[in-house]
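Chemist: This is the structure I have questions about; it appears just below.
The values are calculated or read from the model by the stated rules, or taken from the named source; none is laboratory data. Quick caveat, the model's predicted, so the values are computed rather than measured. For neighbour counting, all protein chains shown are included, and Cβ atoms are generated from backbone atoms with ideal geometry for every residue, glycine included. Surface areas here come from the heavy atoms of the whole protein model, side chains and all, with no ligands, DNA or RNA. Shrake-Rupley method; radii C 1.70, N 1.55, O 1.52, S 1.80 Å.
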Amino acid sequence: LRDQPDIQFLLVGDGVDRDRAETEARRNSCANVFFRGFVDPPMYRRLLGSVDVGLLTLRSRMKTPVVPNKLLSFLAAQLPVAAALNSESDANALIFEAGAGINIPAGDGKSLAEAIRKFYLNPNFAAECGRLGREYGLRRFSVRRAVEEYTRLVMTDGMGPLKAPCPEGRKSRIEGHG
């Protein structure tokens with residue numbers, strides 16, 4: 001996408017591959033790729049508010065079922081997500097289930113460029129993905145939902161109520177509120 005100056009990339013953070021990425025961008029004359037080091041959380045939220053798409057990539061050799069934290073930030077910011085992930089990634093399933101964006105196989109740069117171009121050429125599609133992602137995030141990852149899920153896990157073994165949650169004759173803190 002280096003031939004499309006209207007499509008710009010802002011890569012934020014000081015990850016282990018930053019130097020390599022900067023060198024690669026210079027070597028390939030990518031004038032539309034910008035780098036910014038570590039930012040604090042308030043600045044990160046402001047940056048998310050100034051971009052149009054959240055870019056989420058993992059190496060093709062990453063085979064664990066992982067959900068990068070920035071995905072939740074993208075959902076909260078109502079950003080559509082362009083993701084290059086392996087099918088094993090839980091983030092892949094989450095983006096699909098939410099309708100929050102486009103998933104392509106990790107390592108497929110050409111398809112990733114097409115996904116980004118699709119968002120650029122179809123702002124209504126991008127806005128709908130962002131809206132759906134935010135709604136999904138609010139339903140699935142709110143503090144209330146987390147407390148409910150945690151309480152369910154504490155009070156059951158995941159398959160039904162626990163047989164003896166407390167020693168006999170003792171009230172639990174949950175039941176006795178104290």
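Chemist: Tabulate in residue order the Karplus-calculated ³J(HN,Hα) for the range 137-150, using 6.51 cos²θ - 1.76 cosθ + 1.60 with θ = phi - 60°, rounded to whole Hz; enter x for Gly and Pro.
Modeler: Karplus values, whole Hz, x for Gly and Pro: x, 5, 6, 9, 10, 6, 4, 4, 5, 4, 5, 4, 5, 4.
Chemist: Continuing with this model, one more query. Positive end of the charge dipole of the chain (Lys, Arg +1 and Asp, Glu -1 on Cβ, about the Cα centre): tell me which of Gly99, Met43, Val147 has its Cα farthest that way.
Modeler: Val147
Chemist: In addition: Which order do the peptides 9-17, 68-76, 131-139 come out in when sorted by mean C-beta neighbours inside 10 angstrom, highest first?
Modeler: Per-residue Cβ counts within 10 Å, averaged per peptide and sorted highest first, yield 68-76, 131-139, 9-17.
Chemist: Between the range 2-35 and the range 83-118, what's the alpha-carbon centroid distance in Å?
Modeler: Using only Cα atoms to place each centre, the spacing works out to 20 Å.
Chemist: Roughly how many debye, to the nearest 20, is the charge dipole of the chain about its Cα centre, given +1 on each Lys and Arg Cβ, -1 on each Asp and Glu Cβ, and no other charges?
Modeler: Using Cβ point charges on Lys, Arg, Asp and Glu, the chain gives about 280 debye.
Chemist: How many percent of the accessible area of the chain is carbon or sulfur, using a 1.4 Å probe?
Modeler: Here it works out to 55 percent.
Chemist: Using θ = phi - 60° and the Karplus form 6.51 cos²θ - 1.76 cosθ + 1.60, what ³J(HN,Hα) does each residue of the range 119-126 get, whole Hz, x for Gly and Pro?
Modeler: Couplings: 4, 4, 7, 10, x, 5, 4, 4 Hz.
Chemist: For Leu10, list long-range residues whose amide hydrogen, built 1.01 Å from N in the peptide plane, is under 5 Å from its own amide hydrogen.
Modeler: HN-HN under 5 Å from Leu10: Phe34.
Chemist: Going by amide H atoms built from the backbone, whose H comes under 5 Å of the H on Gly101, apart from near neighbours?
Modeler: Amide H neighbours of Gly101, under 5 Å, 5+ apart: Val81.
Chemist: Same structure, new question: Hey, what D do you get for the chain in µm²/s if you plug the Kirkwood alpha-carbon radius into Stokes-Einstein at 37 °C and 0.692 mPa s?
Modeler: 176
Chemist: Each residue of the range 45-62 in turn: what ³J(HN,Hα) in whole Hz from Karplus with 6.51, -1.76, 1.60 and θ = phi - 60°, glycine and Pro shown as x?
Modeler: These are the phi-based 3J(HN,Hα) values: 4, 5, 4, 4, x, 9, 10, 9, 9, x, 9, 10, 10, 10, 4, 5, 7, 6 Hz.
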